[in-house]
Amino acid sequence: MTSLPWIEPDKLWFPPAEEALDDPDGLLAVGGDLSADRLQLAYRNGIFPWFSDDQPILWWSPNPRCVLIPGKIHVSRSLRRTLNQQRFRITSDQCFGRIIRLCASIRAEGTWITDEMIDAYSELHRLGIAHSIEVWNQNGDLAGGMYGVALGRCFFGESMFSLETNASKALMVHLAHQLEEWGYELMDCQVESSHLLSMGATTVSRPQFLSILKTCVDAKPKESGWKFTWQWTR
């Protein structure tokens, strides 16, 4: 069995992402903590935490990586009809705590969003690094949401949920167009799914992904306030 590097909580480092295992895909290291500094270092190097309550902190960098270039979002005919109906309103950073807890609670198969993770990403939100996106229906009720991390011109999506049909797709369209307006060059989706691929996401090799990060993660976006202004027009 291949041994994994153990990270002491008082040592701020990661092994190179290129050293991640092939099986399970992307597992890189164990241990450390979820401090704001460590999480930022992880994302800057193409690494993210993913573990369950009964596990130590596990760090991952899968190969290939699922990404969405904001300008390449795909809107199907059926989704276009939904957007034309103006059924949803999209906001950002209105209720981060509620969004991350819903991401954790509505998954029937369980969640990796432990209390420790909620505390860590809430701290990143307080620092202006983690953000939530909310989808509201015409009655003013929450219909879907997402949270993730923004560094430079990269947005790293962490988790998303939908309480109504097409709510998450409407979120993705608005988020992608807003990120494009702000000059973001990459939306990291981590692992591919049919839902993401249908909306224009693709996979890139780990070297490609790390190369994109190298050029974008320190580049300043055109707007850093994270107030959504982009609106769908028929």
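What the table below lists for this structure:
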read-out: FRET efficiency, 1/(1 + (r/R0)^6) with R0 25 Å, evaluated for Ala219 and Cys95 via beta carbons; value: 0.30
read-out: For segment 63-124, average projected area of the Cα convex hull in nm²; value: 7.1
read-out: Unit charges on C-beta of K, R, D, E only; dipole of segment 182-234, Debye; value: 160
read-out: Positive-end residue of Ser193, Leu58, Asn139, charge dipole of the chain with Cβ unit charges; value: Asn139
read-out: Rounded percent of accessible protein surface that carbon and sulfur make up, the chain, 1.4 Å probe; value: 47
read-out: For q = 0.13, 0.15, 0.24 Å⁻¹, Debye-computed log10 I/I(0) when each Cα of segment 1-102 counts as one equal scatterer; value: -0.68, -0.81, -1.28
read-out: Gyration tensor over alpha-carbon atoms, the chain, equivalent ellipsoid semi-axes in Å; value: 29, 19, 17
read-out: √(5λ) per eigenvalue of the Cα gyration tensor, segment 112-207, largest first, Å; value: 20, 19, 14
read-out: Radius 15 Å from Cβ of Arg77, net charge of other residues (Lys, Arg +1; Asp, Glu -1); value: +4
read-out: Solvent-accessible surface ranking, highest first, for Thr203, Thr82 at 1.4 angstrom; value: Thr203, Thr82
read-out: Distance histogram in 10 Å bins (all Cα pairs of segment 124-168, percent per bin); value: 28, 44, 25, 3
read-out: Cysteines without a disulfide-compatible neighbour (Cβ-Cβ under 4.7 Å), the chain; value: Cys95, Cys103, Cys154, Cys216
read-out: Interchain or long-range residues, amide H under 5 Å from Ala29's placed H; value: Trp59
read-out: Where only C-alpha atoms are counted, convex hull volume of segment 153-233 per residue in Å³; value: 108
read-out: Isotropic mean projected area of the C-alpha convex hull, segment 52-178 (nm²); value: 8.9
read-out: For the chain: relative contact order, % (alpha-carbon pairs under 8 angstrom, 6 or more apart); value: 23
read-out: For peptides 182-189, 90-97, sequence by mean Cβ density within 10 Å, most packed first; value: 182-189, 90-97
read-out: Compactness index (Cα Rg / 2.2 N^0.38 Å), segment 24-77; value: 1.45
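The values are calculated or read from the model by the stated rules, or taken from the named source; none is laboratory data. In this text the structure is predicted, and so the values were computed from the model without any measurement. Don't worry about glycine lacking a Cβ; one is built from the backbone with ideal geometry, like all the others, and counts go over all protein chains shown. With ligands, DNA and RNA removed, areas are computed over all heavy atoms of the protein, side chains included. Shrake-Rupley method; radii C 1.70, N 1.55, O 1.52, S 1.80 Å.
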